[in-house]
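What follows is a single structure, written as structure tokens, with notes after it.
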Amino acid sequence: MSTTKIALFAGAALLVAGALVLVIRTNPSASTKDTAGTIAAPVQRLASPTDQLDPFAHTASIPAIVDPKTIRFEKLKTVELASKTQTTTKDDRNCEDRQFRDPDGSGCQTTKVVERVKALEAVYSFSGPVIGSGETTPGRDTFSVYFRPEEVGVDGAVDALKRDQAASYFQLSTFRPMVEQKVVDKQSSHFCEGNYVDGNWTLKDPNCKDQVNYITQTVPSPYLTVQVDLRHPGATLATR
């Protein structure tokens, strides 16, 4: 390439560079707007989703050691239940700080009830273990199930019903479901021999390592499921 051509190409390059500098100086928004938006984007507060709830539960769980014959109807009363809740997430920076102190993240969200519905609460009691002050003692515990007032169809005030009258609106059944549970596979597991020395487990062979394998088995649930269904109010009253 001749010296003349080289000089021409160099001159053209200088002209293009000068034009670019002029455009940037006269129109700064074209070069900085997108970049600034990417680097310094404002932290947006997350949306507040609402959860529609179905509070009308007709089943309850009680310990499987309870004798179903001890279940007794106690009372029927009018209550209000949460039917819709709203969860608000606080800004991300505060949440990031709280995650170090509160791994479950509960400090980052607040939930409030935004809608309630009226319900009839049927309260039952049963004989069984009662946990109080960290100790389990024999006694009577309670559980509740909930119905829509219109599906029960009580004629008059609920509070005016006697216990046997209120009990006649419901029929109760229990069953023990089967659940999957992980258990130790004793046949394929290996446990190191040892004994307790001064309250500490000491291995006979310091180089031995336990090898524990698990299998999944279908076993009876540790809880009974109590199902409470409606029956015609005109049925024979139950005597308790």
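The values are calculated or read from the model by the stated rules, or taken from the named source; none is laboratory data. Small disclaimer: the values here were computed from a predicted structure and weren't measured. Glycine gets a Cβ as well: all are built from the backbone with ideal geometry, and neighbour counts include every protein chain shown.
Mind listing whichever residues of the range 188-229 are of a type in the set (A, V, I, L, M, F, W, C) and at pLDDT 95 or above?
Step one: of the range 188-229, the residues of a type in the set (A, V, I, L, M, F, W, C) are 191-192, 197, 201, 203, 208, 212, 215, 219, 224, 226, 228.
LEU224, VAL226, VAL228, listed by residue number.
Being more than 28 Å from the chain's Cα centre (by Cα) and surrounded by fewer than 14 Cβ atoms within 10 Å (Cβ to Cβ): is that true of TYR196 here? It would help to see each step written out before you state the result.
Working: more than 28 Å from the chain's Cα centre (by Cα): yes; surrounded by fewer than 14 Cβ atoms within 10 Å (Cβ to Cβ): yes.
Criteria met by TYR196.
Of these, ALA166, ALA122, which one is outside any strand (DSSP E or B) and crowded, with 17+ Cβ neighbours inside 10 Å?
It is ALA166.
Check off (1) on the phi > 0 side of the Ramachandran plot; (2) in a helix (DSSP H, G or I) for GLY156 and give me the number that stays unchecked.
(2)
When the range 55-66 is examined, which residues are found to be more than 12 Å from ARG140 (Cα to Cα) and outside any strand (DSSP E or B)?
Passing the criteria: PRO55, PHE56, ALA57, HIS58, ALA64, ILE65.
I need every pair where a residue in the range 186-200 that is among the hydroxyl-bearing types (Ser, Thr, Tyr) has its Cβ under 6 Å from the Cβ of a residue that is outside any strand (DSSP E or B), sequence separation at least 6 or different chains.
Listed pairs, sorted by first residue: SER188/ASN213; SER189/VAL212; SER189/ASN213.
Taking into account only those residues within the range 170-201 that are in a strand (DSSP E or B) and among the charged types (D, E, K, R), which is nearest to VAL145 (Cα to Cα)?
In this case the residue turns out to be GLU180.
Among the numbered conditions (1) part of a strand (DSSP E or B); (2) without any contact (Cβ under 8 Å) to a residue 40 or more places away in the chain; (3) not β-branched (Val, Ile, Thr), tell me where ASP205 comes up short.
The single condition ASP205 does not satisfy is (1).
Give me the pairs, please: first residue somewhere in the range 109-130 and under 20 Å from PHE56 (Cβ atoms), second residue anywhere and of a type in the set (Ser, Thr, Tyr) and exposed (fewer than 13 other Cβ atoms within 10 Å of the Cβ), beta-carbon distance under 9 Å, and either six or more positions apart or on two chains.
Between residues of the range 109-130 that are under 20 Å from PHE56 (Cβ atoms) and residues that are of a type in the set (Ser, Thr, Tyr) and exposed (fewer than 13 other Cβ atoms within 10 Å of the Cβ), the close pairs are VAL114/THR50; GLU115/THR50.
Out of PHE126, PHE147, PHE56, PHE143, I need the residue that is modelled with pLDDT of 80 or more and touching a helix residue (DSSP H, G or I) at 6+ places or on another chain (Cβ under 8 Å). Which one?
Details: PHE147 fails: touching a helix residue (DSSP H, G or I) at 6+ places or on another chain (Cβ under 8 Å); PHE56 fails: touching a helix residue (DSSP H, G or I) at 6+ places or on another chain (Cβ under 8 Å); PHE143 fails: touching a helix residue (DSSP H, G or I) at 6+ places or on another chain (Cβ under 8 Å).
Residue meeting the stated conditions: PHE126.
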